Each structure stands twice: as structure tokens, then as C-alpha cells.
Amino acid sequence: MPKTDVVHKGQKIVVEHFLKIFKAQKGADENAEAVFEKLEPSSPDGNHIYELRVKMGDEWASRRMTLGLIGEESGSRSRCYYVIYDNHLVIKVPPFPIKNYKTYQQRLRREAAIARRLAPRECLVPQISTILKKVHPFHGDAAKPSAELEKNYMELIKENPEYRQYLQIQGAYAFFMDLSKYFFLKHIVDSMHDPLRNIPKEIMNHPEIIWNNTEFQARYGQANGVVCDELQTVYTTFESRVREYFGLNQPGTAVEKFQIQEWFLIFLSNDRLNAGDIQMKSGTASGLNGIANKLFREKRKPVETYRKMVASYVTNKGLTRNKAQISGMITNLLDLLAWLYRKKVAMRDLKPDNLLVAGDPSKFPQFLESASLYSIGLIDVETAVWLEKDENGQIAQPALGGTPSYATPTHTLPNKLIQGIYGDFSLILHLQDWYAAIAMVFNMVTGKRLFKETAKKLITIKKEIKRGVNAKGRANDVLRKASQVFWFEASQEFEQKTDQQRIKLNYISMIVSPDSRDMLLPVIRETHQYVVKAIQEHILRQTSFKSQKLKKSLHAATYMKVNRFKSKLSTDPAALKMSAEEKEKALVVLDDLELLKKQAEQLSQAEKRLKKSVAIISSYDLLHCLFTIVLINMHQKIWGPISPGR
């Protein structure tokens, strides 16, 4: 029986499926003994390597495959896996088994239709040829166009239904996509911000610097000279204990100072020694590991200070080194949004795991230096919808869901409810993709997750939304409360994290293409007009400030001026001679006015930048523009402003 030493229970059935394919490739009897084993350690990117073995007579045939789970748990229905087996594959396993071949064909045709709609934009969709060519190759497969090859395998299935078994995982149809010509966007972004790879490299590539404070300060800054001094003290203790260990356990063994220094650097980089690393008596590696572990616990503060310093240095250096690449990726991500907007398609589950990078494979990664040398395409269009009405005047109902870190409450709502609440159905579905893009741009620049806490909040309110949708007469009230909870959390988290990362976000700017400008500018103008009107109505409707002169001043005031006025009112007991109750009410008015003014200025500034002959905008300003647009259209227009301060 196959071994079950797997990371996720779903991986077991995928490995077993490829074990079946391996049998077919080797021409083995279907009852031939076959096993698999997970090899250690896993690859650096978290994927796992398996050895497959099939018994052929008296001998075993073997090969390896790589398997990993793609993305966080999501409401996008299917579980996706990344596989390397002859070539790079994406495999999608639906949560609700598809056992009818006609239903399976309908799903394939639907996704192929979306891909044709988006052509020539690269769009990776499932094809039966992806997997069947491994067990029944046709002569000249490689030279045939994809559509022709797919047609040939459809005929093969029709004439030989037994081949359907290779399309099924545990008796249910799965979807197979060929990623061999492309690159995962997520893998590229993660590699730019991977501390587990970059920090050890920084430490081990500069082995002398710890013992030379002048060079240490030249690289890491004068303020960190004390870190070097403290680390040298830790090393002195380490060397003393290592020599004591050898004196007690291996008398007469000569250990050079440079060797002890190398071991120290290995431990500093959060690594450990393996038995094969040391050509000495058995147990030496374990003994040295024990010395380092104990010492680093005793000297936790200087060691952790050093590691954090190196992490900060590597992050900032990486941002400088990858500036052109990050800028180009954001430019091309905006172009993808513009193409979807133009083609009237909403993906509804955009995330790094669902995006590919298409460029000349022979020039990777060099082509990432210029946005014009590659494009960003799509992997899997399961949740996509074409925003054109059918012969019955209806837009197809897409699968509900979305990945929490990239989704909003609107992802859980059926078409009819979105239309009834928001009016502009198409805009809301496009803005779902814009919200996902906000999270992705932040991650591209910082390597961090933007809406981590908001995602948790969305998960908890999904059930409330579902109950509200099913409750007659209560849907609007339930959705209003759920939307307030969600957007309050999202606003807080967005403002806090973009402020923390302001320097990095302002450092990375990008060129916005004409197509992206054509998408953004009309929405910016329309949203800005709404905000200007909302400011006017807000000042007219409030009753705290009755003087016409003061009202006029509030109309003309900038965001910062309103902020200063609010601060003065809250701290000056004699301000405007208001009672405590009146002052509290006035501060609420100013909270909302401050937010509206800030939104108006952000949109106005973004519009000015985008109207220039060469439109260049910082990541910081782009993120605030997009977030303001999404917040206003998904919540504020319907239920009023959410002031993060309250």
C-alpha cells in the first residue's frame, strides 16, 4: 500500500493519481504493486517531493514528482495543486464531485469560452489533452495547435471511454492545466521577499564582517556598531565552549578558528549542522547544535537584534534591487484589469495564485526588468463572469465565494441582490477585482499581507450575510451591518499598514499605460463628483455649525484644515461656546467631513497625475485612490461614510 506520509490529506489522492499515470506510462499491469514516499526535506518553496515506484517483474521502476497546495483556503470552490510531473501543471479538484462526463464537458466549454473572450490575453484553462497526452501520446503532439490537439483527445475519449479514468481523481473528474510555458506570479513575488532564502545568503556571503566593526558599520550603519560588539562577545563564548567540547569529547582533535567562525555563521543564519556536514566523530554535529541552541537562548537579545537588523537590510536592499521589476509588475497588473474592464469580464477571485507571467522563457528572469517584455495572464476562470446579458436579458450567475484576503462582502451576494442594492452591477463586479489588486500591489511592494485581519472578519460575517440573504425583509438591514463591520475593519487595517509602509510605497512608482488610464479616469471622475456633492450635502444637512460664514469656511477648507479645526474643538473648552453634548455632535460632523475631504483630495491628486502625458504614480497614491473608489462604491454611496476614528 502507498505510504501516507503527506502534508495535506488531499495531496495523497493526487499522488495516487500520478502513480496510476506512471503505471500506464511504464506499461505495467493495473494490479502491479506501486508505492510512493515523501522525501525530506521539502523544496525551498514549501512544495514536497515524492518518489513513485512501480514493480516491473523483479525490479522497481521509479521517478519523482513535486506537489504543493496553491493558495489559502477560499470560497472559490475548488482546491488547487501545483505539480511538476514531466512539466509544470495546475490541478483543480472541485469540492463537490463531478461524476457525469457531460457535466464535466460543460465546465470545460464554459471556461474555454471565457478564454476566447479574453484572447489574446494569456488565459490558462483546463484541457483534457494536458493529462491524456502523458498516457496516450499522438504522433507529432508537440507541433499541433492546442485546439487541434484538444479535439483529437475529445475523439479519443469518445471512442475509448476507458481513458476517462485518467481525468478522474478518486472517481470524480478533476481539471488539469499546463503551466509549462509560464511562471507563477506568486512564486516571483515571494522570491523577492523571501527572508528564509535572502537572510542566510547575506550572512554567509560576508563571513568576515562580524569580526571587523569598521566594515560592519560601513554596511549596516554606524548606529549598529554596538550590535557588532555584542555579537563578537557571543562568538567569544561560542568558541570557548566549542573548544571545551572537543577537549572533553575528542582530545587531540585540531579545530581551526575559521571553521568555528563558519559554524557560528551557520547558526546565526538560523540553520543547523547535519552529520554529513562535518568530517568528524559521530555525534559532533549534534553536540555543536546543542552548544549553539543553549548559547543563543542565553544571549537571545543580541542574536535577535542582529537577525532583525540583517532582515531589515536585506528587505531594503531587495526593494532597491527589484524596483524596476516591482514597478513593471504593477503596471502590467493594471493593464490586466484594464483588459478585463474592456472585455466586460470580472474574474471575482483574483489573487497571486491565479495569475501567470507570460514572457520569453529563455530570457527569464531578465525580461522582468521591463514591463513591455511580458504580460500578466490568468490561471483558472472558474469564478469569472461575462458581464453581457444573454437572450433572456440576464447575466450568468457566477459561483459565489472569493478568497478571504482578496474578497469583500459583495462576493457572497447573488446577482439580483447586487443589482437591487447597488444599481450598477457591472461596476461592483469589476471593483471586486480592483479590491484584490489593492492587496496584491501592497504585497508586491512590501512582501506583506494587507487585509489579514479583515479576512478573518469576512469569514465570521459570511454566515450572517447568508442568513440575511435568505431572510425575507431583513436582507438590506443585515447587509448594512455586515458591510459596516467589514469596511470599518478594512479601512483601519488599510490606513495603519499603508502608513507603516509609507516609505516603501512612495519609493515604488510606476507608469500607467493609456489603456489603464482609460479605465481609471472615468471612475475617478465619477467618484470624485459624488464626494464633492456629498460634502455639500453634509454641510447643508448638519445643524452643529449654523453660521453661514463658518459653513462657507468648511466648504473651502482642506482636509488638513478640517483636521486642525476638529483638534481645536476637542481640546479647547471654550471653542464655539458649545455644551459637551453639542460639541460631541459637532465632532461627529467633522469626523465625516474630514473623511470626505481626504477622499476628494486623494481622487483629485490621482486624476491630475494620470492626466499627464506620461502618467506616473506612486504605489502609495495608487493604493489610496483605488481603495477610496472601492470603499465609496461598495459601501459609502449606499450606507454613508465610515470614519476610521470612530
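Spin-label model, LYS552 to SER62: label points 7 Å out along the Cα-to-beta-carbon direction sit 8.8 nm apart.
Which of the peptides 474-487, 247-260, 55-68 is most tightly packed, and how do the rest follow, going by the mean number of other Cβ atoms within 10 Å of each residue?
Most protected by this proxy first, the peptides run 474-487, 55-68, 247-260.
The loop-placed GluC sites (Glu not before Pro) in the stretch 203-250, going by DSSP, that have at most 16 neighbouring Cβ atoms within 10 Å of their Cβ come out as GLU208.
Count Lys and Arg as plus one, Asp and Glu as minus one, and take only other residues whose Cβ is under 13 Å from that of ASP178; the net charge is then -1.
In the chain, the calculated helix contribution to ellipticity at 222 nm averages -18000 deg cm²/dmol per residue, counting -39,500 (n - 2.57) for every DSSP H run with n ≥ 4.
Probing with 1.4 Å while keeping every protein chain in the model, the per residue accessible area of the stretch 55-174 equals 52 Å².
The three principal axes of the Cα atoms in the stretch 197-327 give end-to-end lengths of 56, 30, 24 Å, sorted in falling order. Please compute the Cα-Cα pair-distance distribution of the stretch 91-193 with 5 Å bins starting at 0, giving whole percents from short to long. It works out to 2, 10, 20, 23, 19, 13, 7, 3, 1, 0, 0, in whole percents.
Relative contact order of the stretch 99-209: 29 percent, from C-alpha pairs under 8 Å at least 6 residues apart in sequence.
In straight-distance terms, cross-link reach from LYS481 covers every one of the aspartates and glutamates whose alpha-carbon lies under 13 Å from its own, apart from those fewer than eight places away in the same chain; here that gives GLU464, GLU489.
For a Förster distance of 56 Å, can you work out the FRET efficiency between the beta-carbons of GLN222 and GLU159, rounded to the nearest 0.05? Working from the Cβ atoms, E equals 0.15. Full extension of the chain between LYS416 and ILE616 gives 68.1 nm of extra length, using 0.36 nm per residue less the Cα-Cα distance. Taking 12 Å as the cut-off, the amide N atoms of the stretch 528-571 that come nearer than this to a point 7 Å along the Cα-to-beta-carbon line of GLN605 belong to 559-560. According to the square roots a ≥ b ≥ c of the eigenvalues of the Cα gyration tensor, what is the shape class of the stretch 75-136, taking rounded for a/c under 1.5, prolate for a/b larger than b/c otherwise, and oblate for the remainder? In terms of gyration-tensor shape, rounded.
Here is the list for the stretch 369-451: GluC sites (Glu not before Pro) lying in DSSP coil, each with at most 11 other C-beta atoms within 10 angstrom of its C-beta, are GLU391. Taking 0.36 nm per residue of sequence separation and removing the Cα-Cα distance, the ALA574/GLU37 pair yields an extension gain of 185.6 nm. Measuring nothing but protein heavy atoms, the accessible surface of the chain at 1.4 Å probe radius is 51 percent carbon and sulfur. With R₀ set to 22 Å, the beta-carbon distance separating SER180 from GLN105 gives a calculated FRET efficiency near 0.35.
Straight-line reach from LYS577: taking Cα to Cα under 20 Å and skipping same-chain neighbours fewer than 8 places apart, the aspartates and glutamates in range are ASP591. Note on GLU584/ASP424: beta-carbon distance plugged into 1/(1 + (r/R0)^6) with R0 of 35 Å gives a FRET efficiency of 0.45.
For the cross-link pairs LYS504/LYS533; LYS416/LYS448; LYS158/LYS351; LYS344/LYS637; LYS92/LYS144; LYS323/LYS637, the ones whose C-alpha atoms lie over 28 Å apart are LYS504/LYS533; LYS416/LYS448; LYS158/LYS351; LYS323/LYS637.
Please compare each pair in LYS497/LYS598; LYS456/LYS497; LYS201/LYS281; LYS546/LYS598; LYS133/LYS181 to a cut-off of 25 Å on the Cα-Cα distance and tell me which ones are over it. Over 25 Å Cα-Cα: LYS201/LYS281.
The values are calculated or read from the model by the stated rules, or taken from the named source; none is laboratory data. None of the values given here were measured: they were computed from a predicted structure. FYI the Cβ positions are ideal-geometry reconstructions off the backbone, even for glycines, and counts take in every protein chain you see. The accessibility values were calculated without ligands, DNA or RNA, using every heavy atom of the protein model including side chains. Shrake-Rupley method; radii C 1.70, N 1.55, O 1.52, S 1.80 Å.
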